[in-house]
Amino acid sequence: MISVRFKVNNEWVELLVHPHHRLIDILREELDLTGAKEGCGGGECGSCTVIMNGQPVNACLVLAPEVDGAEILTVEGLSKDEELDIVQEAFIDEGALQCGYCTPGMIMSAKALLMRNPNPTREEVIEAISGNLCRCTGYIRIVNAVLKAAQKARV
Amino acid sequence: MLTPFEYVKARTLDEAVMLLSGDDRVKVMAGGTDLIVRIKDRLLEPKRVVDIKGIDGISGITAREDGVYIGAATTMNEIVRNKVIIEKFRVLGEGAHALGSYQIRNRATIGGNVCNASPLADTAPALLVYEAVMIAYGPEGFREIPATEFFVGPGKTVLKSNEILYQIKLPYYQGKAGGSYIKFARTKAVDLAIVGVAALVFDNDDVRIALGAVAPTPIRARKAEQFLRGKKFDQTIREAARIAREECSPIDDIRASKEYRLDLVETLTYRAVKQALANL
């Protein structure tokens, strides 16, 4: 076991982790943060996307020992008190989800995009979520939601 | 869940080489985007994984007098965003950008991409046309390997099992150059190349063309280059593209047939050279 200390949703945590466990395993099994889902487990579907040190990553492709010292933001860390994040609100307003399995990852990719580019074009949104698969919506409402969130953030 | 292994983070090159100890069940990890998938799919069962990201000088891009040095653990997104790459080595930026998704490009490294030695590695054709130099470290110290001699076969490089790739040097070139990388895949993003073509043309009439996914390794199309040198007109580019087709040896696989790949090499070589000229 390896001792790691890292920040999750703004709180420091210390854990003993197995070297062969991944970030997705410790988020879900140790920390009860089950927003991020394991879909393909190979970095193709993006349903495990979380933000690590300000950048979106596939939590299924990060080994647990690698998070030592890192700052992780998951979908659970987006809302403040009882208030949803602007991206979450926009997904609800635009009806940008159906089954919801891809949604936490999709929202984290969208959030990361707006963090680095508060004013994205439609094409930039499409590129930013190209690593997140959704089998329900056909993506149009998701793209609309991200653009709406960007617009709302500017007001 | 993955099968158990030991994880060690190397702090220095010497420590990494010692930890590798020439044992092929010890695996080097940088971004992990290929390695972890292979462990999960049980294609590999390492007993130890050596993380090399923390080694001094192995991440980041530094412009020096004789060229640009890219650390082996530099991520695709760092390469895509880098100013010197955008201005002087755009083919490499295009290759890095063509790989995986945004999330993958935050983790995947150039060293990992080339050391896995897939014939379709998106950064390999660019390294071939820029005649990059691979700087490896092993028990005997540093050694430099021209990119054109680095790849040996599918999944195989000239690196020994106790050597690691440390940096990649892109030598500066004389005069102006225009370049292009065209990746053809089943989807616009997050897919492996069926064919990848890099073209680099210089204002002194030199031409370099590299092909991915159509031979056991990424290759230079030297006969097509030779034919084009000094005569880059539409008709000669078409003829050079036909010659490039003769220079490769693609296989049938799940993504495309051999015949389709041959047609693609011809079409994409023409387009890549035209685009490179337009970018000159």
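The values are calculated or read from the model by the stated rules, or taken from the named source; none is laboratory data. Please read these numbers as outputs of a predicted model, since none were measured by experiment. Virtual Cβ from ideal backbone geometry, glycine too; neighbours counted across all protein chains shown.
Take B:G111 and tell me if it is surrounded by 24 or more Cβ atoms within 10 Å (Cβ to Cβ), of a type outside the set (V, I, T) and out of contact with any helix residue (DSSP H, G or I) (no Cβ under 8 Å at 6 or more places or on another chain). Yes: the conditions hold for B:G111. When the residues of segment B:149-162 are filtered to those that are over 15 Å from B:A121 (Cα atoms) and at pLDDT 95 or above, the one that is surrounded by the fewest Cβ atoms within 10 Å (Cβ to Cβ) is B:E149. Taking first residues from segment B:126-138 that are free of Cβ contacts under 8 Å to residues at least 60 places away in the same chain and partners that are in a loop (DSSP other than H, G, I, E, B) and surrounded by fewer than 24 Cβ atoms within 10 Å (Cβ to Cβ), the Cβ contacts under 8 Å between residues at least 6 apart in sequence or on separate chains come to B:A136/B:L159; B:A136/B:E163. Of all residues in segment B:130-189, those being within 14 Å of chain A (Cβ to nearest Cβ) and either farther than 18 Å from B:G95 by Cα or of a type in the set (V, I, T) (or both) number 1. When the residues of segment A:30-65 are narrowed to those that are in contact with a His (Cβ under 9 Å, 6 or more places away or on another chain) and more than 23 Å from A:S79 (Cβ to Cβ), which ends up farthest from the other protein chains (Cβ to nearest Cβ)? The residue in question is A:A64. Test A:I2 against the criterion of being touching a residue at least 24 places away in the same chain (Cβ under 8 Å), surrounded by fewer than 19 Cβ atoms within 10 Å (Cβ to Cβ) and within 14 Å of chain B (Cβ to nearest Cβ), and give yes or no. The answer is yes for A:I2.
Cβ-Cβ contacts under 6 Å between residues 6 or more apart (or on different chains), taken from a first residue in segment A:118-135 that is more than 9 Å from chain B (Cβ to nearest Cβ) to a second residue that is in a loop (DSSP other than H, G, I, E, B), are listed as A:C134/A:C102. So which residues in segment B:151-169 are closer than 20 Å to B:I55 by Cβ and either in contact with a strand residue (DSSP E or B) (Cβ under 7 Å, 6 or more places away or on another chain) or of a type in the set (D, E, K, R) (or both)? If the condition is that a residue be closer than 20 Å to B:I55 by Cβ and either in contact with a strand residue (DSSP E or B) (Cβ under 7 Å, 6 or more places away or on another chain) or of a type in the set (D, E, K, R) (or both), then B:T157, B:L159, B:K160, B:N162, B:E163, B:I164, B:L165, B:Y166, B:Q167, B:I168, B:K169 are the ones that fit. Filtered by the rule that a residue be more than 8 Å from every other protein chain (Cβ to nearest Cβ), crowded, with 18+ Cβ neighbours inside 10 Å and among the β-branched types (V, I, T), segment B:9-38 gives B:V17, B:V26, B:V28.
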